[in-house]
Amino acid sequence: MQLPSSVIQGGMGVYISTPFLARICSCNGALGTVSGVGAERLLARILQSGDPGGHYRRALADFPFPEVAERIVKKYFVAGGIPVGEKFKVIPAFSLRPRSDLIALSVAASFAFVWLAKEGHPEPVSVNYLEKIQIPHIYHLTGAMLAGVDFVTMGAGITLQIPGVLDAIASGGVPSYRVLVEGSAGGTKTISFDPSAFFKTKLPELKRPGFLPVVSTDVLAGLMVKKLPPGSIQGFVVELPTAGGHNAPPRTKGVFDESGQPLYGPKDAVAFEKLRALRIPFWIGGSLASPEGLGKAKALGAVGIQAGSIFALSEDSGMDPLFRAEMRRLGYRDELVIRTEARVSPTGFPFKVAQLPGTLSDPAVYAARARVCDLSALPVPYQQDDGKVGFRCPSEPVEDYLRKGGRLEDTEGARCLCNGLFSAARLGNPNEPPIFTIGDDVSFLRYLMSDENSSYRATDAIAYLLST
């Protein structure tokens with residue numbers, strides 16, 4: 001398998017790293033990455049927004065199961081888009097036994113995302129997911145592989161199960177996944193998916209994509225190599241605590257700096273000599289988005305870097321253009337404040353948040369928002385007293401969370417990332433404030449912009465990173 005470029009465009013947020021951004025990057029010397037998180041909900045909302053340009057209907061027209069694609073288009077597509085101020089249709093929440101229409105939507109959406117990223121060129125494309133959102137993996141990966149995805153990157157959890165899922169799908173088997181269920185006797189419940197039985201026909205032969213797990217330490221990388229069969233992993237992405245999005249928690253828990261941010265120390269440093277000893281290629285992400293950063297990564301033994309923020313702030317990302325321009329202006333002036341928030345994400349992982357008025361980073365905006373859980377991408381399973389499996393999320397209405405056995409302290413400061421991140425890509429419901437994630441270092445803006453009001457394209461970012 002051919003190794004990716006020395007630059008991996010990192011999957012950022014929800015529909016920030018769009019298929020179109022990934023395609024541009026892959027066609028211009030980087031490994032383009034589609035953010036596949038919430039693909040089924042995104043596809044439904046894009047179709048309800050009128051599918052500008054007809055791109056997703058074009059992708060669905062090539063889906064191997066046309067009757068499934070036709071049902072999805074018929075159900076969700078609205079010519080010209082729903083009226084301004086109207087809410088999007090509610091998509092069913094995942095359960096351990098999801099509805100068949102949700103499964104079909106998930107497979108088709110992931111197919112469409114990857115298909116569009118790969119459209120019209122032979123270069124490799126990656127798709128990125130969060131391990132923490134466990135139930136959709138067997139469906140999303142099936143769709144991505146039907147579209148011929150070349151690599152899968154995944155972090156926000158320990159991804160030991162993913163190689164087996166990829167192997168099962170590629171061989172025409174039945175992928176399964178052990179889902180964490182809080183409070184259950186065994187700790188997990190196993191779900192499975194038989195694509196051939198579901199679609200009532202044998203799947204075409206599928207390529208097994210390369211797997212690039214995202215890790216934060218050499219210890220986790222070594223554990224994965226030890227536990228998995230040879231050939232399971234094609235490379236590691238080593239994310240440092242300065243990277244955008246979700247970060248691994250510090251190994252020393254409960255220690256914060258004077259501003260309340262998690263404090264990372266010597267125990268969190270990566271021993272790159274131990275990574276090199278694994279003899280598996282790796283890329284480093286986090287504050288290395290410059291030619292000098294790429295050189296530093298290579299000096300440490302890496303193939304190259306993963307860079308997310310530099311592409312998220314380009315004109316080719318899916319980010320709301322008004323906020324994107326404001327972040328570029330502030331960053332150019334060295335006035336953009338980015339915090340690593342310990343309690344914002346319902347996942348429990350630290351999360352990078354750009355501090356911007358009118359967003360969920362503003363305590364007043366957060367306090368004014370009525371808690372509602374209508375996207376339901378992040379709730380986690382738990383064992384109910386009656387033996388059934390329920391779902392709860394610290395950012396849902398507090399009384400609902402407490403009724404489900406949740407702890408009050410977990411709700412304090414928890415933001416609804418589902419709604420906030422969808423709004424950041426202009427796919428949120430009316431009156432849902434956005435939230436924006438970005439890495440600590442945006443110094444690249446000074447090299448890509450002529451003044452605080454100028455902009456740049458993804459191709460400019462790649463040319464800058466690969467310059468000498």
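Every read-out reported here was derived from the displayed coordinates using simple, explicitly stated rules and does not represent laboratory data. None of the values given here were measured: they were computed from a predicted structure. Reconstructed Cβ throughout: ideal geometry from the backbone, glycine too, with neighbour counts over all protein chains shown.
Lysines within cross-link reach of K296: Cα-Cα under 27 Å, excluding same-chain residues under 8 positions apart?
Within the straight-line limit of under 27 Å, K296 reaches these lysines: K267, K274, K352.
Give me the distance in nm between label points sitting 7 Å out from Cα along the Cα-to-Cβ direction at E258 and E452, one decimal.
With each label placed 7 Å out from Cα toward Cβ, I get 2.6 nm.
Only loop residues by DSSP count here, and only those with at most 16 other Cβ atoms within 10 Å; note down the trypsin sites (Lys or Arg not before Pro) in segment 77-162 that meet that.
Answer in residue order: K87, K89, R99.
Just need the Rg to Rh number for segment 373-422, please, alpha carbons only, Kirkwood Rh.
Using only Cα positions, Rg/Rh for segment 373-422 is 0.97.
For an R0 of 45 angstrom, estimate the FRET efficiency from the Cβ-Cβ distance between R97 and K298 and round to the nearest 0.05.
Rounded to the nearest 0.05, the efficiency is 0.40.
Just to verify a number: FRET efficiency for E315 and D385, C-beta to C-beta distance, R0 = 51 Å, to 0.05?
0.45
By average Cβ neighbour count within 10 Å, what is the ranking of 412-419, 242-249, 455-462 from highest down?
Highest to lowest by the protection proxy: 242-249, 412-419, 455-462.
Can you list the GluC sites (Glu not before Pro) in segment 29-117 that are in a DSSP coil and have 12 or fewer other beta carbons within 10 angstrom?
Within segment 29-117, the qualifying GluC sites (Glu not before Pro) (loop, at most 12 other Cβ atoms within 10 Å) are E86.
Restricting attention to segment 253-322, which trypsin sites (Lys or Arg not before Pro) occupy a DSSP loop and are surrounded by at most 12 other Cβ atoms within 10 Å?
Sites meeting the loop and neighbour criteria: K253, R279.
Rounded if a/c is under 1.5, else prolate if a/b beats b/c, else oblate: with a ≥ b ≥ c from the C-alpha gyration tensor eigenvalues square-rooted, which is the chain?
Cα axes put the chain in the rounded bin.
When N is the residue count of segment 264-304, what does its C-alpha Rg come to as a fraction of 2.2 N^0.38 Å?
With N residues counted in segment 264-304, Rg over 2.2 N^0.38 Å equals 1.18.
Say a paramagnetic label sat at a point 7 Å from the Cα of V219, along Cα to Cβ; which residues of segment 340-381 have their backbone N under 15 Å from it?
Those under the cut-off are none; the list is empty.
For L466 and A197, FRET efficiency with R0 = 41 Å and r from the beta-carbon atoms, rounded to 0.05?
Computed FRET efficiency for A197 and L466: 0.30.
What distance in nm separates the two pseudo spin-label positions at K189 and L278, each 7 Å out from Cα along the beta-carbon direction?
According to this spin-label approximation, the distance is 3.2 nm.
Among Y366, Y15, which comes first, then next, by fewest other beta-carbon atoms within 10 Å?
Least to most surrounded, the residues fall as Y366, Y15.
What is segment 1-90 by shape, rounded, prolate or oblate, if you read a ≥ b ≥ c off the alpha carbon gyration tensor as root eigenvalues and call it rounded for a/c under 1.5, prolate for a/b larger than b/c, and oblate otherwise?
Since a/c reaches 1.5 and a/b is larger than b/c, the shape of segment 1-90 is classed as prolate.
Taking just the alpha carbons, could you work out the radius of gyration and Dmax for segment 172-226, both in angstroms?
16.1, 44
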